[in-house]
Structure formats: C-alpha cells, structure tokens
1. May I ask you to verify whether LEU88 is closer than 18 Å to GLU115 by Cβ, at pLDDT below 85 and not in a loop (DSSP other than H, G, I, E, B)?
2. Go through region 457-487 and give me each residue that's among the charged types (D, E, K, R) and either within 17 Å of the chain's Cα centre (by Cα) or surrounded by fewer than 16 Cβ atoms within 10 Å (Cβ to Cβ) (or both).
3. Restricting the search to region 71-123, which residues are of a type in the set (Ser, Thr, Tyr), more than 19 Å from PRO37 (Cα to Cα) and open to solvent by 60 Å² or more (accessible area, probe 1.4 Å)?
4. Scan region 385-397 for residues that are at pLDDT below 95 and either of a type outside the set (Gly, Ala, Ser) or surrounded by 14 or more Cβ atoms within 10 Å (Cβ to Cβ) (or both) and report the count.
5. Please note which strands (runs of 3 or more DSSP E) are completely contained in region 131-196 and include at least 1 residues that are among the hydroxyl-bearing types (Ser, Thr, Tyr), touching a Phe, Trp or Tyr at 6+ places or on another chain (Cβ under 6 Å) and in contact (Cβ under 8 Å) with a residue 12 or more places away in the chain.
6. Quick one: which residue in ILE177, ILE160, ILE183 is open to solvent by less than 20 Å² (accessible area, probe 1.4 Å), farther than 28 Å from SER92 by Cβ and not small (Gly, Ala, Ser)?
7. Please tell me if TYR304 is in a strand (DSSP E or B) and open to solvent by less than 60 Å² (accessible area, probe 1.4 Å).
8. Only one of (1) acidic (Asp, Glu); (2) surrounded by fewer than 16 Cβ atoms within 10 Å (Cβ to Cβ); (3) part of a strand (DSSP E or B) fails for ASP324. Which number is that?
Amino acid sequence: MSLSVHVSFGTIFLLGLFLFGQTRPGRRPPKWRCPLPCNCTGDSVLCDGSSFIPNTYPSNVISVSFRRCSFKYIPPGSFAPSQTLQILLFTSSSFDTISDDAFLGLKHLEYLFIENNKIKAVSGNAFRGLKSLVHLSLANNRLESLPRGLFLHLPAVKQIDLRGNPMLCNCQMKWLIEWMNGIGKNVAVWPPLPCAEPSKLIGRNLSDLTVNDFYCVSSNLIQRWTFKLPSLSVKSFQYLSDQYVVITHPFEGRCTFMEWDHVAYVFRQYDSIKGASIVSCLPLVIGDQLFVVVAQLFGGSYIYRFDSNPGTLSSFRLFQKLPDTRKPNDVEYFRSTDNEHYFVIADSAKSGASTLYKWDGRGFYTHQKLPHWHRDTDAEPLLLSGSTHLIMSSGSQRPVVYRFEDKRLRRLTDIPEAWDVYAVKHFTDPEDGVFACLVSYIGESSLVRWDGSMFRQLQQLPSRGSHVFQPLMIGDSWHALLGHDFGYAFVYQLEKWKHWEIEEGSDRERPRGPLVPFQELRVLAARAFSTVQVRGRQFVFVASVGGDTVVYEYVKYENNI
C-alpha cells in the first residue's frame, strides 16, 4: 500500500467554511430559494439540526453539509438532482445505516465525509455511482465490519479514512486486506482502531495484517439421510476394520445395525436383533469377538454374540441372559487400567440397584452391586488423574463420582450444585483437561470442569425438556449437542479460553462461557448423538424418540463473507 499526504478533517472543514462564505469571482449570486430548514451561502448549503434531507438544491450547488441532524437514514437517490455537487459532509448526526444507492447520481462528487456519527452498518452498494470520488471518510463511527467489495464502486478513490471505528479483525474483514494489497494497493487507507479480537490479533492494526493472519474455514452440518423409525439411542463402533452404527428402536423392539456401503457411499442396514421394549443396544468388542448387550424393560436383558457363519437369518446369536434388572435405563462399557473389561447397567427402578458386570474370558458375571433406592438414570465411565472413575446420575441425589480401585467402585465425591441431573457425558481435551456436560430435564444444563479434586461449574444453558447433552469431537474441535423433547436440537462449539472461568456480561446478558452457539438441527425430541468417520468423511447420527433418525455430514468450506 502506498501512502499519500493525509488531508485532515479540520482542513476540509475549513475549506467548507470558505466555500460557505464565498461566491465565485465575477459572478452574481444566483436567485434561488434555500431549501428549508437549511442555510445557504453562495453555492454552499448547511443543514444544522434538520430532521430530514431536502429534496431540492440550487442548480449550481458545490458543497452540502449536515450537522447534528436527526433523520434516521439516507433514502436512495436523495442527491440525484444535484449534478454539480462536489463536497458532501455528515457529522455529529444520529443515523446509523447507509443504505444502497444513497448517493446515486452524484457523478461529480469528489469528497464524502461521514464522520463522528453513529454508523453501525454500510450496505454493499452504498457508494454505487460515485465515479469521481477521491476522498472517503468514515472516521469515528461504530463500524465493526464492512461488506465485501464495498470500495469496488470507487474507481477514482485515493484516500479512505477508517480511523476511530471498532472493527473486528475477523473473516468478514479478510476481503479488505486482499483489496488493500491488490486492486487498492495505491489507495491510502488510514486504519480503524487496533484489533480487539480475536485474541491472537489484539493490539495489531488492520493495515499491518496479511491474508495469512486469517483462518477463514467455516463448517456446517448438512442433512444427508433419514431412517423412518423413532429411536432412543445410537452408538458407533469399529469391528474388524469396518465402521458400524447400532440404533435402538424401542417401539419396534429392535437393534438395527448399519454399515457403510463403499460402492453406493451410503449407510445401509446390515443386521438386526429382535427383542421387547429395548432401551439400549451396547456393542462390546473384546479381542476378535463382538458382543451386544440388549437391555429391555420387559423380559430381562440379554447378551448376543456375532457369528460370521450363523446359518440363520441373523448373524447374532443369544450368548447369555443377565440377571433381572428392574428398569434398565443406560448401559456403558469401560476397560480398567489393568485391561479388564466391564459394563454397568444403570437401574432407574425405585428399589433397584445398578450392577457392574465383568468379563472373565468365558462370559460376563455380576461383579458389584451399587446401593439400592437411588433410581440411577445414567452411567459415565471416565479417566481422572490416570485412574478409572464412574459417574452415576440418579433421580434422588446429585451425580456421584466413584473411583475404581482394588477392582471395586468406591464413592469419592459428588458434583456440587448439580441437582436433578438426568445424565452426565464427559470429554477430555489433551491441553485443557476433563470436562462434563450435565443435562437436566427441568432446570438448566451445565458444563463443568475437573479441577483435580472436584467438578466446578463453567456455564449453564437453558434446557427445559432435555434428556441429552452430548459432547462430540466434530472436525478438529469439541462440540456439545443439546436435544429437546419439545423443540429442535442445538449444537454448541467449545471455544478455547485463556482462563477456564465464567465471564460476566453486561447487566442485560447472562454470564457467558466457552460454549458458543454453532447450529440448530431440525430434529425434534433428540435423545442421542454419535459420530462415525468413513473414507475421510464424518457423519453425525441423531436418534429421535419422537420422529426419525437423521444423519448429518460435517463439511468445511472457505468463509469469505
């Protein structure tokens, strides 16, 4: 970018005063009526405190100035009749938007000053038609961004003043850097205020940035397929180098297995297990064997084993019947630090007890019973400080954290300020530690973080009517998906924070946290989410108990808005 001598606002304003007080030598002042409520001197017009823009001007007007005016916007073509206008100034006025074609018809305008106003937005075609404009000033307004290609309508411009605007150095402004180093490289641009965000650019001037300072890849979840059956849970797993998904259909009483078709590039049904009132289908891969725990509300729970040569319609054969569980609500698998295999069934019956099962090489047997009468709704195995733990959610108490030691689950602590938690789902970030999403059907759901001794709350989100708040690694960042029984599901993205603490907003804002809105998914009554990656593509399965199972694909694209 080349720099030219900066003509200050004061210099131009003095020029305007000179124009107001002089007439051209050897000419008589023309006879015309000054448009009310403005004052006219020679070939200049000053409108001070006007509530509207006059629609007529003298035929030889050179300069028009608006000061302390209260009109709300500039109507398109407001100055079209002013064919001789060369200088136009707006200062200390209250309008906040510059609309398309606001200055259409001013083909001889050379200087345009829109300074010290409250401008928040400029339309993409606001300066269309200003073919002779040399100097544009938008200084000291409230502009945070400018529409892409805004200055392409100004072929003669030499100076652009953006100082005093709190512009964001984000992807919406990447185009300006490209323009300043390309078509506009010979235009002197006085930059806005130093960057306030993102954090990596704080304090730098926009004019000092390059396109390499912007990471402008956006992402989205695009709906791909719909499976026409209500579902309660969905889990993805890998077996013998292939990717599968198992979906629980409670009303059909079936576990449906889907596999990726490498020819048609779609998911297709592979097999199924029939049952009665199935609430969970949990795949367990132990060595080269595949087991499926099928938890049912009626008729008991069972374990099936995959047989590649079944000789029957289904590849899954009944392997073991489990002792009666009164009201199973969730089944989760984990491996201990000494590489032993376990799964736990959360029992939500009033007098039931959740049960831990262990693999002994030949089958699964009852290893430990957790306390009765807790009405457990969810189990969540996780690693804390390098050792296996388990969080049990229930309808009678706060979520309890158990530590697995000496091959037993021993109560360690609970999660404070976490009542009415239906389920807890965790995720671990290599840099920032262990987090958990706590979902509440009646109150607010929470994001908490492990501080070494307990979970501490970071953020609360409104979630009345929710049964699932599921963290998933989508793309290269963590997201949290919140399903509502009475509304659409919503996706939040986890932002990296310098300090993992709640930041207070203004008086009218709720405290904000690291989870920021990402996208709405038009799925009602979502109850479970799961991701599966095949052939370099990532899909998100959404189980809905009140509708269909929907599959989305995660896509990324260049964002140059």
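The values are calculated or read from the model by the stated rules, or taken from the named source; none is laboratory data. Here the structure is a predicted model, which means the values were calculated and not measured. Glycine also receives a Cβ, built like all others from the backbone with ideal geometry; neighbour counts cover every protein chain displayed. For accessibility, only protein heavy atoms count, side chains too; no ligands or nucleic acids. Shrake-Rupley method; radii C 1.70, N 1.55, O 1.52, S 1.80 Å.
1. no
2. Once the filter is applied, which keeps residues that are among the charged types (D, E, K, R) and either within 17 Å of the chain's Cα centre (by Cα) or surrounded by fewer than 16 Cβ atoms within 10 Å (Cβ to Cβ) (or both), region 457-487 yields ARG464, ASP476.
3. Passing the criteria: only TYR111.
4. Looking only at that region, the number is 3.
5. Counting at least 1 such residues, we get 135-137.
6. ILE177
7. So TYR304 fits the description; yes.
8. Of the numbered conditions (1) acidic (Asp, Glu); (2) surrounded by fewer than 16 Cβ atoms within 10 Å (Cβ to Cβ); (3) part of a strand (DSSP E or B), the odd one out for ASP324 is (3).
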